[in-house]
1. Please check the chain for the longest run free of trypsin sites (Lys or Arg not before Pro) that are loop-located per DSSP (anything but H, G, I, E, B) and have at most 12 other Cβ atoms within 10 Å.
2. Got the relative contact order for the chain handy, in percent, Cα pairs under 8 Å and 6 or more residues apart?
3. If we count every other residue with Cβ under 9 angstrom of T390's Cβ, Lys/Arg +1 and Asp/Glu -1, where does the sum land?
4. Can you give the Rg to Rh ratio for segment 221-376, taking only C-alpha atoms and Rh from Kirkwood?
5. Report, to the nearest 10°, how far helix 51-64 tilts away from the longest principal axis of the Cα atoms in the chain, using its own Cα long axis and a range of 0 to 90°.
6. Could you go through segment 157-165 in sequence order and give the Karplus-derived ³J(HN,Hα) for each residue, using 6.51 cos²θ - 1.76 cosθ + 1.60 with θ = phi - 60°, rounded to whole Hz, and x for Gly and Pro?
7. Between P241, P40, P226, find the one with the highest GNM mean-square fluctuation for the chain; connect C-alpha pairs within less than 10 Å.
8. Given Cα pairs under 8 Å that are at least 6 residues apart, what percent is the relative contact order of segment 127-240?
Amino acid sequence: MTNLTDRHRGSLSERAVATARQVLDGQRGGVRAYAVFAGPAVIASIAYMDPGNFATNIQAGAKYGYSLLWVVLLANLIAMLLQALSAKLGIVTGRNLAELCRDHFPQPIVWVMWIVSEIAAMATDLAEFLGGAIGLSLLFQMPLVAGMGVTAVVTYGLLMSERFGFRPLELIIGAMVSLIGLCYLAELFIVPVDWASAAFHSFTPQIADAEALLLSVGIIGATVMPHAVYLHSGLTQARMPVRNDDERRKVLRFSNQEVIVALAIAGLINMAMVMMASGAFHAGHPEVAEIQTAYHTLTPLLGVGAAGVFLLSLIASGVSSSTVGTMAGQMIMQGFVGFRIPVWVRRLVTMVPAFVVVAIGVNATSALVVSQVVLSIALPLPMIALIIFTGRRDIMGAFVNGRLTRIAALVGTAVVLLLNIFLIVQTLGISLPGLSAVH
């Protein structure tokens with residue numbers, strides 16, 4: 001019995017592991033028992049509901065109505081596949097993606113991957129930290145710097161819950177996801193929605209013009225986050241100890257089911273964001289493109305209640321995604337180089353760039369956009385590594401990717417990488433044939 005187990009004897013985490021063992025042994029069943037396997041995908045799903053998604057989805061709905069809902073759906077399907085593969089890697093090997101990169105790739109490549117991944121984790125957390133701060137500053141009429149301070153304290157407090165095992169933080173993040181979902185469910189009752197048109201555009205690919213194409217690239221290219229691809233394998237690698245391949249198959253089945261449910265909820269929330277922006281802004285305010293503008297426009301249009309619910313969901317998104325981003329950065333560092341740093345140091349490293357951005361007067365939304373470009377540059381490495389490892393029989397054994405999975409993963413990766421390249425090129429101001437209309 002390890003010191004860690006002794007410390008958490010009788011805790012939520014300890015009881016979750018005991019219940020999972022009974023399920024795997026065939027001694028327990030039912031929804032409540034199976035629920036102990038849920039958690040990793042819920043945490044990873046926060047990456048798909050971060051403040052960067054808020055800004056992109058608001059712009060898509062305001063300018064193009066429901067016509068880009070199919071892009072959100074496509075992005076979510078690709079995300080489901082990649083997160084399922086990441087979870088499988090951790091369950092089958094007992095190692096996370098960063099650790100496997102360190103073990104199997106040449107050292108120069110490992111160092112490059114680590115540096116790029118660290119920059120991506122910082123860029124991710126910068127955007128999420130700013131999102132929470134923007135929400136707090138708008139809701140409570142406080143300076144943005146003060147909102148950043150509150151966000152920093154709250155996220156640090158959430159990270160401290162890890163001292164009590166994995167389960168408390170999973171439940172807290174799950175509650176945050178539920179809050180965001182309830183907020184957007186409420187918005188759909190407040191905002192007028194053309195449900196027939198929304199359903200039609202969810203399954204009908206349509207690009208109105210070159211600017212819509214660029215925005216579609218932004219939705220897909222910034223949806224699959226590098227840190228989420230790394231993190232999911234780390235969350236599953238030793239969460240529920242398994243003794244043989246039969247138990248691995250059971251845990252993997254539960255994991256796949258959780259990925260589908262958690263990311264389906266994340267996808268529906270993103271679609272609800274687009275629908276809210278379409279119903280509120282498309283007819284009279286298609287120029288709305290920033291979080292602050294959306295809030296100030298919502299208030300006179302639909303009342304303080306709608307604007308308040310919007311900010312509440314933004315704060316929950318910023319705080320929870322900032323917490324998860326710090327977790328991912330810690331896991332990436334430990335996996336690539338084999339050592340940890342205190343959480344408060346990690347939190348400080350992420351906070352400083354955000355305070356510098358605000359102090360020098362950079363527009364917060366512009367900072368969010370730049371952070372998404374950084375993520376686009378960093379994304380290919382973990383995606384390609386994930387496909388390589390899950391496709392190697394010497395690593396995965398009987399759980400190696402089948403032919404259909406390999407094809408789907410390669411197609412999904414190719415789509416995301418091509419669109420990320422397109423996004424980077426356009427952001428750098430390089431003109432491409434047929435896209436001169438993009439401004």
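Read the figures in this text as sums done on the coordinates, not as results from a lab. The structure presented is a predicted model; accordingly, all values stated were derived computationally and were not measured. No Cβ is skipped: glycine too gets one built from the backbone with ideal geometry, and neighbour counts run over all protein chains shown.
1. 10-242
2. Result for the chain is 35 percent.
3. For residues surrounding T390, the net value is +3.
4. Radius of gyration over Kirkwood radius for segment 221-376 works out to 1.04.
5. Roughly 40 degrees between the two axes.
6. Values per residue, Gly and Pro as x: x, 5, 5, 5, 5, 5, 4, 9, x Hz.
7. Ranking P241, P40, P226 by mean-square fluctuation puts P241 first.
8. About 12 percent, as a whole number.
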